[in-house]
Amino acid sequence: MALNYDEIVRKYEKYIFQTYTRQPIAIKKACGAVVTDVNGKEYIDCVAGIAVNNVGHCHPAVVDAIKRQAEQLIHVSNLYYTEKQALLAEELSKLAMLDRVFFCNSGTEAVEGALKLARKASGKKEFIATEHAFHGRTRGALSVTHKEKYRKPFEPLAPAVFVPYNDADAIRAAINENTAGVILEPMQGEGGVIIPSDGYLKEVRKICDEKDTLLILDEVQTGFGRTGKWFAKEHSGIIPDIMTTAKAMGGGFPMGAMLAREEVAANFVRGDHASTFGGNSLACAAALANIEVIKKEKLVKRSEELGDYLIKKLEGLKKDYVKEIRGKGLMVGMELSIKCEDIVNKAREQGVLLNCTSESVLRFVPPLTITKEQLDTAVSVLNEI
Ligand SMILES: *Cc1c(COP(=O)(O)O)cnc(C)c1O
């Protein structure tokens with residue numbers, strides 16, 4: 001017998017670390033942009049697992065690839081060569097325009113790899129990061145994550161300096177003889193969907209070149225079509241020295257990667273870094289199918305078009321509490337003059353899942369496969385609220 005909502009919650013309360021604030025629904029299944037809870041209630045999903053389910057929930061091509069791979073080979077470790085990892089590395093290297101790939105299982109793990117690589121390549125220890133940056137929860141990634149509340153209890157962390165986002169001169173001024181690298185999100189996600197001005201990343205690239213400092217771009221959230229490009233760096237035309245990605249990489253399957261230019265990548269030699277599960281056959285099969293779906297269904301273009309559509313619709317809302325609407329592709333933030341928790345709760349009651357970040361920013365990161373009608377419904381629910 002399937003557990004009901006109360007039974008599920010009781011087990012969570014008894015057995016699971018209480019580190020998350022969860023919405024009061026238990027989800028049973030999902031398809032495309034629709035999620036169904038254990039009571040059979042359906043929701044239009046504008047969260048998509050936090051920018052994970054770019055191809056929609058349980059895309060049949062991803063499900064099929066996982067099924068077929070699971071019957072053939074799930075895991076053997078990186079002691080051996082496997083076909084799917086080889087194919088995915090080639091594909092990803094081309095899409096990201098970077099030479100080499102290290103596979104891992106999450107965003108924070110990709111960032112750990114990037115920081116280690118930058119330290120080894122530069123022979124230096126300190127990172128420059130930006131205010132409101134989010135790079136993950138493990139020690140290295142946490143040391144370049146800005147929020148004091150996340151960092152404070154775990155200090156001392158690795159040395160890092162924070163400068164304002166979207167201020168290239170601040171980076172220029174902060175780089176010194178101890179700087180191992182600069183780490184940035186091309187668009188800030190958790191920080192409140194913050195888009196830098198045109199030219200910022202280009203300028204940062206130029207500064208890093210002049211000062212011979214490594215540039216790490218964290219595309220964990222912005223990858224795989226989310227912002228209307230394969231990776232958000234394409235909006236600026238720059239190539240970083242090191243890049244991280246994860247969230248949407250495996251079509252919902254846990255998967256991450258760190259990529260680098262050849263000269264930088266060459267600093268990691270056998271034994272310098274490893275991950276037991278990194279690039280296992282099941283994850284790689286899911287990621288390959290995911291990439292194929294994004295190509296076949298032209299989801300990168302769709303993200304751009306639907307993003308523009310959504311922003312226009314949101315701009316048509318009553319303006320009472322709206323401070324600003326901003327976004328690129330289907331990564332859209334609506335900053336309010338009030339906290340957005342109540343709105344998230346009311347929307348959920350009316351069948352729309354929304355996410356709130358930085359307390360007052362409603363974040364829309366739906367599947368890139370969502371229909372205009374589904375977006376219309378979500379916006380009209382919001383309008384009523
Ligand atoms: C989510 C996120 C991370 C952390 O990813 P996890 O898979 O949760 O470890 C890192 N960087 C950015 C930009 C993110 O959005």
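Throughout, read-outs are computed from the coordinates displayed, never taken from laboratory work. Given the structure is predicted, the values throughout are model-derived calculations rather than measurements. Using ideal geometry, Cβ is built from the backbone for each residue, glycine included, and neighbour counts are taken over all protein chains shown.
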Taking 0.36 nm per residue of separation between residue 20 and residue 298 and subtracting their Cα-Cα distance, the length gained on full extension comes to 96.6 nm
What lysines sit close enough to residue 41 to cross-link, taking a C-alpha to C-alpha distance under 19 Å and skipping anything fewer than 8 places away on the same chain? 28, 29, 346
So, by mean Cβ neighbours within 10 angstrom, what's the order for 105-113, 151-159, 219-227 with the highest one leading? 219-227, 105-113, 151-159
If you take every DSSP beta bridge fully contained in the stretch 212-292, what fraction is antiparallel? Give it as a percent rounded to 5. 60
What whole-number value in cubic angstrom gives the convex hull volume per residue for the C-alpha atoms of the stretch 1-77? 171
Where in the stretch 67-93 does the label zone of residue 273 land, with the point 7 angstrom along Cα→C-beta and an amide N cut-off under 19 Å? 77-80, 85-93
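Taking only DSSP H segments of four or more residues, each worth -39500 (n - 2.57), what value at 222 nm results for the chain once the sum is divided by all its residues, to the nearest 500 deg cm²/dmol?
-11000 deg cm²/dmol
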Just to check I understand the Karplus step: with θ = phi - 60° and J = 6.51 cos²θ - 1.76 cosθ + 1.60, what whole-Hz values come out for the stretch 217-234, glycine and proline as x? 9, 9, 9, 4, 8, 8, x, 6, x, 3, 9, x, 9, 4, 10, 5, 4, 5
Roughly how far apart, in whole Å, are the Cα centres of the stretch 203-277 and the stretch 141-179? 18
Note on the stretch 81-296, DSSP bridge orientation, antiparallel percent to nearest 5 equals 45
Could you tell me what percent of the DSSP beta bridges with both partners in the chain are antiparallel, to the nearest 5? 65
What ³J(HN,Hα) values, in whole Hz, does the Karplus curve 6.51 cos²θ - 1.76 cosθ + 1.60 give for the stretch 130-145 when θ = phi - 60°, with x put for Gly and Pro? 10, 4, 6, 5, 10, 10, x, 10, 7, 4, x, 4, 5, 5, 10, 8
For the stretch 288-385, just say rounded, prolate or oblate: build the C-alpha gyration tensor, square-root its eigenvalues into a ≥ b ≥ c, call rounded for a/c under 1.5, and beyond that prolate if a/b exceeds b/c, oblate if not. prolate
Please identify which residues in the stretch 120-147 have an amide N closer than 19 Å to a label point set 7 Å out from the Cα of residue 78, following the Cα→Cβ vector. 120-122, 138-141
By a straight-distance test (C-alpha under 23 Å), which lysines pair with residue 211 as possible cross-link partners, with residues fewer than eight away in the same chain excluded? 116, 120, 124, 125, 202, 233
Over the Cα atoms of the stretch 81-296, Rg to Rh with Kirkwood Rh, two decimal places? 0.94
Which whole-number percent is the relative contact order of the chain (Cα, under 8 Å, 6+ apart)? 23
Say the cut-off is 22 Å between C-alpha atoms; which of 149/319; 319/339; 14/147; 247/328 go over it? 149/319; 14/147
For a quick protection proxy, order the peptides 322-330, 257-265 by their average other-Cβ count within 10 Å, most packed first. 257-265, 322-330
Report ³J(HN,Hα) in whole Hz for each residue of the stretch 313-326, in order, from the Karplus equation J = 6.51 cos²θ - 1.76 cosθ + 1.60 where θ = phi - 60°; Gly and Pro get x. 4, 5, 5, x, 6, 4, 9, 2, 10, 8, 8, 7, 10, 8
Please list, or write none, the aspartates and glutamates whose alpha carbon is within less than 15 Å of the alpha carbon of residue 323, excluding same-chain residues fewer than 8 places away. 315, 335, 359
Given R₀ = 30 Å, FRET efficiency for residue 158-residue 266 by Cβ-Cβ distance, to 0.05? 0.85
Could you list, bin by bin from short to long, the percent of Cα-Cα pairs of the chain in 20 Å steps? 28, 59, 13, 0
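Can you give the extra length, in nm with one decimal, that the chain gains between residue 211 and residue 346 once fully stretched, where that is 0.36 nm per residue apart less the Cα-Cα distance? Please list the in-between numbers first.
Values: separation 135, 0.36 × 135 = 48.60 nm, distance 5.03 nm.
Between residue 211 and residue 346, full extension yields an extra 43.6 nm.
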